[in-house]
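What follows is a set of notes on a single structure, which appears directly below.
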Amino acid sequence: MNRKFQEQDLVLATHNTGKIEEFKHLFGEVNFNITDIGQYYWQPPEETGKSFWENSLIKAREATKLTGLVSLADDSGLCVDRLKGAPGIYSADWAVKSNGSRDFKFAIEKLVREIEKTNFENPCTAHFICSLILYWPDNHFEKFEGKIFGEIVWPGRGEKGHGYDPVFLPNGYKETFGQMDRWKKNKISHRGLAMDNLLKACF
Ligand code: ITT
């Protein structure tokens, strides 16, 4: 039996504005407060886990410790079959430039370079994963996952979304996530699917 969320406040344990907008849209109208962790003095913890689950748990636990609130954390990434699942849990790291800033054009260029080294044949299959943890102050947590399968296409298409969206074409669609209406993406995406499971189980 999953624990139900019955509190007045929920904190989103992420700095990623793309994720925050998607979460708020997925929750829709709610009768509790949704707070961004940016309102606190939040030093994002080192993501030292070996899996999406472990990293999501690290972020959720730290956010709850800091705020005293139930937190929702997301660890997600893109897994390319040709690259044995890379960038995977390192998806955000691939965007970090030598000056420390994040640039997803740079990450996508690296992704394409790595794929081109593999003498791939189309389609270049890949999936996005989202691992969510809902974490309570008494250390109880519930976990949920969503995956969406598709392929990598380049050059990237579309200006919408965030991260690797322009190069991800979900199976059964003609538009990349970068071209798709963002709320349409949100319904079918790894995050949308994981949130669907979470909402049914805990809300
Ligand atoms: P937080 O840890 O603060 O949540 P982050 O961006 O560092 O933010 P992750 O460690 O989970 O988040 O890294 C996930 C990366 O995977 C993210 O930065 C994107 O590059 C990519 N990613 C995840 N979901 C995505 C989506 O819906 N569309 C495009 N790229 C996505």
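The values are calculated or read from the model by the stated rules, or taken from the named source; none is laboratory data. Quick caveat, the model's predicted, so the values are computed rather than measured. Here Cβ is always computed from backbone atoms with ideal geometry, including for glycine, and neighbour counts include all displayed protein chains. What goes into the accessible areas is simple: the full protein's heavy atoms, side chains included, and nothing from ligands, DNA or RNA. Shrake-Rupley method; radii C 1.70, N 1.55, O 1.52, S 1.80 Å.
Details
- Residues in the stretch 41-74 that are in a helix (DSSP H, G or I) and farther than 30 Å from C124 by Cα: L57, I58, K59, A60, R61, E62, A63, T64, K65, L66, T67.
- Residue tally, condition of a type outside the set (D, E, K, R) and open to solvent by 10 Å² or more (accessible area, probe 1.4 Å), over the stretch 171-203: 11
- Criterion: surrounded by fewer than 17 Cβ atoms within 10 Å (Cβ to Cβ) and not in a helix (DSSP H, G or I) - qualifying residue of G100, G77, G38, G18: G100
- Residue within the stretch 155-168 that is out of contact with any helix residue (DSSP H, G or I) (no Cβ under 8 Å at 6 or more places or on another chain), closer than 17 Å to E54 by Cα and modelled with pLDDT of 95 or more present: no
- Qualifying residue in the stretch 97-104 (condition: without any contact (Cβ under 8 Å) to a residue 24 or more places away in the chain, hydroxyl-bearing (S, T, Y) and away from the ligand (no atom under 11 Å from the Cβ)): yes
- Pairing each residue of the stretch 147-161 that is under 15 Å from V80 (Cα atoms) and open to solvent by 30 Å² or more (accessible area, probe 1.4 Å) with any residue that is modelled with pLDDT of 95 or more and of a type in the set (S, T, Y), provided the two are 6+ apart or on different chains, yields C-beta distances under 9 Å for F149/T125; E151/T125.
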